[in-house]
Structure formats: structure tokens, C-alpha cells
Amino acid sequence: MLLTFTQDEPILRNRNVDRLGWASRRQGVFLLRRLRPVRPCPIQDAGRMQEYSESRASPTSGIFADMSQQDRMSHRALQKKPDPPMSKKDFEALADFRYQLRRFLRFSEEITRRHGVTPLQYLLLLNIKGFPGREWATAGELAERLQAKHHGVVALITRCEKLGLVGRRVSSQDRRQVEVRLSKKGEALLSKLAALHRAELLSLKVNFVVPDVRSFSQDE
């Protein structure tokens, strides 16, 4: 609580007490005779209430202050009306999609291992070559594309570098940035593996269809 005093209220005077009523450190601290709490100003209270109301109404304040845009959307989605219960057809569509996806991933695992690399190493090469707009990518960008931890992707790049598949160089435009590029050996291996994956995907195109989630339970 804030305390103050007025001129008409006597203050304990002493030769060692200054004009505010506080003694020197040697003599200790003297208390004021009469103190009264400061009454808050109504205008200030009104201003604070308005700021509080605005902060509550703002989508970037309160519980949303530390949320990303994706987290806010997820939070709002949870507050909406619950979706209708899933039908048997919904479960069949999801199960079939996962089955076809697993078939393709198993093919990828087997074919990459036959060529002396792991599925993750193949994905790293693919995302370097397939990065939008350029022939290289940074470790942070590759971590996002692979949906993996940054330090794990750095270790993966190091392993591929030891195999002679990729190389690292400092960017000419930004010296703080390290570009990860494919080597000639990496380019040749990726071209062979990507052609095999494309052929397998084309063979599955009749069955491997992403289900239209908008049609889920619409006819229920």
C-alpha cells in the first residue's frame, strides 16, 4: 500500500532526521507520526480498466500471448462444436490410406538400403535437391522439412558428408549461413533412387489416393 503525508500533518523532527523524516543510518530509522494511504485516482482507475478490457479482447493477449498462430488455431478448433461421430466408412478410408502409405514406405526402406543408404539419408538428399527455388538448403530448413530436431539433422548431414554425398560451404551472401549441397556422387545416387520411387508411386496411383476429409460423416 502506498503511503504519503500532507504539509499540515506534523513530522517527527530530530537533528539527525532529514526533511523526509528518515534518520541517518547510525541513528536508525524514525517513523512518521501520522501516515495515511493514498486514494487511487478515479481517472487512472478508468484508464487501467480500459487497458485491461482491451487486453482481454485482443487475440494476441492473455492466454494467446505466448501462442503461435498454429497454436491459436488449434485452441479455437478445440472450442468449436464437436465433430459428428466417425462412421464405418470413415475408418475404412483412413485405414486404407495408411495401408497404401505403409506399402510405399516399406518399398522406400528396402530400395534405399539396397543402394547403401538409409531412408533418412535418402530423404535428406531428396529435400536438398527438391528445396523450392534453389539447389541447396540450411540445416534449419532441412530440420523443418524432415520434421526432426536440429541437432539430429546436423548429425545426419555429417554422416552423409563422410559418405561423400553432400558438402557444406559458407554462404557468399551471408557469412553466418552454411549451405548444404549435393555432391556429384549424391546427385547420381539421388537420381537413381528418385526414379525408382516415382515408378513405384505411379504403380500405386489407382489405390494410393488421399481421402477427402471434407466428405467424412457428411452423409450421416
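The values are calculated or read from the model by the stated rules, or taken from the named source; none is laboratory data. What you are looking at is a predicted structure, and each value in this text was computed from that prediction instead of being measured. When we count neighbours, we look across all protein chains shown, and the Cβ atoms used for this are built from the backbone with ideal geometry, even at glycine.
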Worksheet item: Can Phe131 be described as part of a helix (DSSP H, G or I) and surrounded by 15 or more Cβ atoms within 10 Å (Cβ to Cβ)?
Response: no
Practice prompt. Kindly list the number of the only condition in (1) without any contact (Cβ under 8 Å) to a residue 12 or more places away in the chain; (2) under 13 Å from Gln121 (Cβ atoms) that fails for Leu165.
Written response: (1)
Fill in: Unique residue being loosely packed, with under 12 Cβ neighbours inside 10 Å, basic (Lys, Arg) and either in contact with a helix residue (DSSP H, G or I) (Cβ under 9 Å, 6 or more places away or on another chain) or at positive phi (or both) when the list is Lys162, Lys149, Lys184
Lys149
Practice prompt. Scan Val166, Val117, Val154, Val170 and give me the residue that is within 22 Å of the chain's Cα centre (by Cα) and of a type in the set (Val, Ile, Thr).
Written response: Val154
Response to the item:
Expected single match for touching a helix residue (DSSP H, G or I) at 6+ places or on another chain (Cβ under 7 Å), in contact (Cβ under 8 Å) with a residue 12 or more places away in the chain and within 27 Å of Leu201 (Cα to Cα) among Leu94, Leu125 is Leu125
Discussion item. Among the residues of region 113-120, are any in contact with an Asp or Glu (Cβ under 6 Å, 6 or more places away or on another chain), within 20 Å of Gln147 (Cβ to Cβ) and either at pLDDT 90 or above or not in a helix (DSSP H, G or I) (or both)?
Written reply: yes
Discussion item. Of the residues Leu201, Leu196, Leu182, only one is assigned by TED's automatic domain parsing to the domain that holds Leu101, modelled with pLDDT of 95 or more and closer than 27 Å to Phe97 by Cα; which?
Written reply: Leu196
